[in-house]
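J.: Here it is: the structure, laid out below.
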Amino acid sequence: MEPLKGFRLCLISILLFLTTLITQTLSSTAFDDSEYKDWESYTDHIPNSILTYGSEMEEEAEWQMVQKKGNQFIVNEQPFYVNGFNTYWLMVFAADESTRGKVTDVFKRASSVGMTVCRTWAFNDGQWRALQKAPSLYDEQVFKALDFVVSEAKKYRIRLILSLVNNWESYGGKAQYVKWGNAAGLNLTSDDEFFSHPTLRGYYKDHVKMVLNRVNTFTNITYKEDPAIFAWELMNEPRCTSDSSGDKLQEWIKEMAFYVKSVDPKHLVEIGLEGFYGPSTPQRFQFNPNSYAQLVGTDFIRNHQVLGVDFASVHIYPDSWISQSVGDSHIPFVKSWMEAHIEDAEKYLGMPVVFGEFGVSAKDPGYNSTYRDTLINTVYKTILNSTKKGGSGAGSLLWQLFPDGTDYMDDGYAIVLSKAPSTSTMIALQSTRLALFNSLCSQRCHWSCKKKKSTISG
């Protein structure tokens, strides 16, 4: 036996013993959760060094596909709670040798604070450095750049949520599909015909098939077989404002969720919704940020009841939805918005919910870093309050994490960890707390993370 390999096996044995010891300690009367008034008390008693050992032990194990079991994500039959981030431009940066290093930098920085999931684009339609230059016509160099993103994420133990098209015009989006349709003589008059015209639905399916069946040129692993991919996202923030009933978008979601699953039954699928309540649940309109939200053609509960959708997606932007001026009134909205969706995911959907984008722009009137930290802390605490009860709050993804030297790409929401020490500390603490659940909370654990009896109608 190689000396290094023997050492690793010995270390793993020690770590398994430590894990068992910690689990027993946590389930003993000395750590009964009734003795603590807040969540911070739990992890304050666990040395950081032990939590670090747990993450090192995971690296020795074979990486498995993330799955869903009830209202939780699981890996190897243990919960997988998410503290992650968005960096949408990774593929485009990886396509240029002069900027490819920034992809590595962002994964390295995210990994250093314990983040485990990144959401990014697996599309760029008809634009500069396009992946898809025309329907079913791809730039191989850009595809290799996406290959690099996937392989590099895996090196840093970060899984990817890959979004397949944009609702907005940035990076092409549904508007580009309509342009392609008109170039083919279809005479389309609305971008929303992306959802209804059979030719455009065919274009989208062809793109799905191409990406999911892609063989990574760095790892030789087919995307649809790769555990480095956490989930497929049908669309970034779909809206269909031409049909406020929601029927047009609902039919598209049904067709595309089924199609993605027919190509790749192994990976999880989510829609990419912002989370607005629609016509099927008027009693929930009170939680929407404004009256317009119920008219954009989306319907949180109805959309997520579609066969093939594995978990719910929600975004959080009070500075875009309520008022651009930063104010304390935004914080109660964030909390109630999250709690309403967590409750719905538990009672009506029977699935996890991920808050896939949240943040605040430094360009907002009244912005300061203290408010940003308050917003982030509110999101994190709301997730933890659900997590410790075995609820549907499965995690959150910051919008957005940047490496040093990319200020020119900042939309106002960028967080550069080296320039935001208080935010960096908060992110690392959230990662530590969730990692504790991921490594120690199993069916053998009698701690407070034990799931409550299900009352979900599904």
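The values are calculated or read from the model by the stated rules, or taken from the named source; none is laboratory data. All values derive from a computational prediction rather than experimental measurement. Don't worry about glycine lacking a Cβ; one is built from the backbone with ideal geometry, like all the others, and counts go over all protein chains shown. The area values use the complete protein model at the heavy-atom level, side chains included, leaving out ligands, DNA and RNA. Shrake-Rupley method; radii C 1.70, N 1.55, O 1.52, S 1.80 Å.
J.: How would you classify region 285-393 from its alpha-carbon gyration tensor, with a ≥ b ≥ c the square roots of the eigenvalues: rounded for a/c under 1.5, else prolate if a/b is greater than b/c, otherwise oblate?
T.: In terms of gyration-tensor shape, oblate.
J.: For the pair residue 241 and residue 112, how long in nm is the line joining their label points, each one 7 Å along Cα→Cβ?
T.: Roughly 4.2 nm, to one decimal.
J.: Nearest 5 is fine: what % of DSSP beta bridges in region 131-247 come out antiparallel, could you say?
T.: On the way: 3 of 8 bridges.
The antiparallel proportion sits near 40 percent.
J.: Please state the charge dipole magnitude for region 175-279, taken about the Cα centre, from unit charges on C-beta atoms (+1 on K and R, -1 on D and E), reported in debye and rounded to the nearest 20.
T.: Values: 11 positive and 15 negative charges, 74 e Å.
Approximately 360 debye in magnitude.
J.: Ratio of region 126-261's C-alpha Rg to 2.2 N^0.38 Å, to two decimals?
T.: Here the Cα radius of gyration is 1.08 times the empirical estimate.
J.: Quick check: net charge around residue 362, other residues with Cβ under 10 Å of its Cβ, Lys/Arg +1 and Asp/Glu -1?
T.: -1
J.: Ok, one more. So which GluC sites (Glu not before Pro) in region 163-259 are both in a DSSP loop and have at most 13 other Cβ atoms within 10 Å of their Cβ?
T.: Hits after loop and neighbour filter: 169.
J.: Let me check I've understood the local charge: for residue 132, count other residues with C-beta under 14 angstrom from its C-beta, Lys and Arg +1, Asp and Glu -1. What total comes out?
T.: +3
J.: Still on this structure: Heavy atoms only, probe 1.4 Å: what % of the accessible area of region 253-363 goes to carbon and sulfur, would you let me know?
T.: 55
J.: Also: May I ask which residue of 360, 267, 301 lies farthest towards the positive end of the charge dipole of region 229-361, with charges of +1 (Lys, Arg) and -1 (Asp, Glu) on Cβ and the Cα centre as origin?
T.: Going by the Cα projections, it comes out as 301.
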